[in-house]
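The values are calculated or read from the model by the stated rules, or taken from the named source; none is laboratory data. This structure is a prediction, so every number in the text was calculated from the model and none was measured. With ideal geometry, Cβ positions are generated from the backbone for all residues, glycine too; neighbour counts draw on all protein chains shown. Note: accessible area is taken over every heavy atom of the protein model, side chains too, but ligands, DNA and RNA are not part of it. Shrake-Rupley method; radii C 1.70, N 1.55, O 1.52, S 1.80 Å.
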Amino acid sequence: MHIGFGMDVHPLAEGRPLILGGVEIPFEKGLLGHSDADVLLHAICDAIIGAMGEGDIGIHFPDTDPSLKGISSLRILKEVKRMMEKNGYRLINLDATIVAEMPKLKPYFPQMVKNISDVLNVSEKAINIKAKRTEGLGYIGSGKGMAAYAVVLLKKQ
Ligand code: MG
């Protein structure tokens, strides 16, 4: 068994779509980044890459790569799944927390779980998504950005 941990932060900006777990969520701002800036999927990818001992997401998917510009992070997750297959790993479970002051994210959890379990080809029961507010504190509480944390357990075949 191999455990992996990932975290990511992206700033919020006007004129950007808010995409979390591959779901576009209606909101006045969206996350800013080179890809679609899906902070949840980036934390998950980093956790899986970490569990495999393969460094981090930036090594494999650098934000200087023009082919990654504006792409859905579900495609990055798909690539990470391919790395898992190549290295002989299977996902046992994944637990993640999105840290965001607004908007309410709970209604979108089922679709996020479905997107992630579809790409990773695991049961939806293996994927747990949560959200936390920071009660108005810090850069997240003031609506300047969002963060996400994820832990995964992988089994080496
Ligand atoms: Mg990121």
Assess whether Ala13 counts as being open to solvent by less than 30 Å² (accessible area, probe 1.4 Å), on the phi < 0 side of the Ramachandran plot and within 13 Å of the ligand (Cβ to nearest atom). no
I'd like the full set of residues that are surrounded by fewer than 19 Cβ atoms within 10 Å (Cβ to Cβ), in contact (Cβ under 8 Å) with a residue 60 or more places away in the chain and in contact with a helix residue (DSSP H, G or I) (Cβ under 9 Å, 6 or more places away or on another chain), limited to region 127-150. Lys144
Sole exception among (1) in contact with a strand residue (DSSP E or B) (Cβ under 7 Å, 6 or more places away or on another chain); (2) touching a residue at least 24 places away in the same chain (Cβ under 8 Å); (3) away from the ligand (no atom under 13 Å from the Cβ); (4) within 21 Å of Leu154 (Cβ to Cβ) for Pro103, by number: (4)
Number of positions in region 46-64 that are open to solvent by less than 10 Å² (accessible area, probe 1.4 Å) and without any contact (Cβ under 8 Å) to a residue 24 or more places away in the chain: 0
Taking Ala43, is it within 14 Å of the ligand (Cβ to nearest atom), in a helix (DSSP H, G or I) and surrounded by 14 or more Cβ atoms within 10 Å (Cβ to Cβ)? yes
Condition check: more than 24 Å from Gly138 (Cβ to Cβ), among the hydroxyl-bearing types (Ser, Thr, Tyr) and touching a strand residue (DSSP E or B) at 6+ places or on another chain (Cβ under 7 Å). Does Tyr89 satisfy that? yes
Select from region 65-96 the residues that are hydroxyl-bearing (Ser, Thr, Tyr), in contact (Cβ under 8 Å) with a residue 12 or more places away in the chain and open to solvent by 30 Å² or more (accessible area, probe 1.4 Å) and list them in ascending order. Ser72
In region 19-31, what count of residues is obtained for those that are open to solvent by 10 Å² or more (accessible area, probe 1.4 Å) and either near the ligand (Cβ under 10 Å from one of its atoms) or in contact with a helix residue (DSSP H, G or I) (Cβ under 8 Å, 6 or more places away or on another chain) (or both)? 3
